[in-house]
Amino acid sequence: MKIGIIGLGAVGSAASFMLSSQNIANELYLYDIKDGLANASKIDLEDSLENTNSNSKIFAVSKIEELVKCDLIVLAYTTCIEPDRTLELKANYEPLKEIINALKGFNGIYLIATNPNDSIVYYAQKLSGLDAFKVIGTGTTLDSARLKIEVANKLGISYKNINAFMLAEHGDTQFFYKSNAFVGGKNINEFNLNLDEIENRVRFKGGEIFKVKGKTEFGIGSVIARIIKAIKDDENLITPISFTQDNLAYSRLVVVGKGGIKKVLELDLNKDEKEKLEISKNYILKTINSIK
């Protein structure tokens, strides 16, 4: 699989290492607007190949148009990180337009990690004209991983025994799909857990990490690699992915495999969850409309 990465900051670097070290990328093409960064990253990654038993071929490209030949392109660029999603969108929208215009003729899959994730997914799909199932965002897959860790730590068990998801916006209005969350086959509501507290911890966990580190890269890097592996190996993985439908992008449970999204799963939301979904959708729509 030929994979391109645009943006080699913390997220792009972490993703590129995981894609090469796990042999997910047969060929990995690196691009960054900063002169020399792609080549330096290429050399650094090549130094890791022997000790990770990787067979990935790594290339630095100086012209973004060279990525048109890729099967999948990861957007991991950012011009700023803002708590205000409208300001973040205004900063990252113009580079998005330039990227999509430069990659006319690309007919693969866009996997977007750039924030605000849902709004960037929406505009990437509209600007590219590609099928909505091929322009996808990491969405709340990362938040769902955080959720499983939180529950696992509370119960003192492995996260592998937990089937639970965060949905809607990758941001402050995401919500815990509590009515259909399970631990070892039992509904999570049967356990003595403060689910509202867990939901809030997950919702703001990224911000807490960022306050100290000034970045978050390992979690999102692993999510990028996991989604791409599911696509490459046609795994039919169920995970919450952001994609555009009915002129709005947000994370819903989907089946991911060859070609991107293969199926959207119907949700059985309770009243509280439906209300939270509407709040989240309205917030995303407000963000999207902020640049019109």
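Some notes on this structure:
- Beta carbons closer than 7 Å, at least 6 apart along the sequence or on distinct chains, pair a first residue in region 42-68 that is touching a residue at least 40 places away in the same chain (Cβ under 8 Å) with a second that is assigned to a loop (DSSP other than H, G, I, E, B) for I64/L103; L67/V61; L67/L103.
- Members of region 250-292 that are of a type in the set (V, I, T), open to solvent by less than 30 Å² (accessible area, probe 1.4 Å) and closer than 24 Å to Y93 by Cβ: I261, I284, T287, I288
- Selection status of F204, of a type in the set (A, V, I, L, M, F, W, C), closer than 19 Å to K160 by Cβ, open to solvent by 70 Å² or more (accessible area, probe 1.4 Å) and in contact (Cβ under 8 Å) with a residue 12 or more places away in the chain: no
- Residue within region 176-185 that is assigned to a strand (DSSP E or B), open to solvent by 20 Å² or more (accessible area, probe 1.4 Å) and at pLDDT 95 or above present: yes
- Of all residues making up region 19-31, the number that are free of Cβ contacts under 8 Å to residues at least 40 places away in the same chain and closer than 19 Å to T78 by Cα: 2
- Some residue of region 45-61 being surrounded by 14 or more Cβ atoms within 10 Å (Cβ to Cβ), within 18 Å of the chain's Cα centre (by Cα) and not β-branched (V, I, T): no
- Flag for I120 being of a type in the set (V, I, T), within 27 Å of F191 (Cα to Cα) and not in a loop (DSSP other than H, G, I, E, B): no
- For region 210-225, a tally of residues being surrounded by fewer than 21 Cβ atoms within 10 Å (Cβ to Cβ) and either touching a helix residue (DSSP H, G or I) at 6+ places or on another chain (Cβ under 8 Å) or in contact (Cβ under 8 Å) with a residue 12 or more places away in the chain (or both) returns 7.
- So L167, is it part of a strand (DSSP E or B) and under 16 Å from Q245 (Cβ atoms): yes
- Being of a type in the set (F, W, Y), open to solvent by less than 40 Å² (accessible area, probe 1.4 Å) and in contact with an Asp or Glu (Cβ under 9 Å, 6 or more places away or on another chain) is a condition met by at least one residue of region 158-171.
- Checking N92 against (1) surrounded by fewer than 21 Cβ atoms within 10 Å (Cβ to Cβ); (2) in a helix (DSSP H, G or I), the condition it does not meet: (1)
- Where D143 falls short, out of the listed (1) within 26 Å of D246 (Cβ to Cβ); (2) modelled with pLDDT of 95 or more; (3) not in a helix (DSSP H, G or I): (3)
- Among residues of region 99-135, those that are open to solvent by 10 Å² or more (accessible area, probe 1.4 Å) and among the polar types (S, T, N, Q), counted: 5
- Conditions (1) in contact with a helix residue (DSSP H, G or I) (Cβ under 7 Å, 6 or more places away or on another chain); (2) without any contact (Cβ under 8 Å) to a residue 40 or more places away in the chain; (3) open to solvent by 10 Å² or more (accessible area, probe 1.4 Å): number failed by T78: (2)
- Residue check for T173: touching a residue at least 40 places away in the same chain (Cβ under 8 Å), under 25 Å from S280 (Cβ atoms), under 16 Å from the mean Cα position of the chain (by Cα) and assigned to a loop (DSSP other than H, G, I, E, B): no
The values are calculated or read from the model by the stated rules, or taken from the named source; none is laboratory data. Everything quoted here is computed from the prediction, not taken from an experiment. Neighbour counts run over all protein chains shown; Cβ positions are idealised from the backbone, glycine included. What goes into the accessible areas is simple: the full protein's heavy atoms, side chains included, and nothing from ligands, DNA or RNA. Shrake-Rupley method; radii C 1.70, N 1.55, O 1.52, S 1.80 Å.
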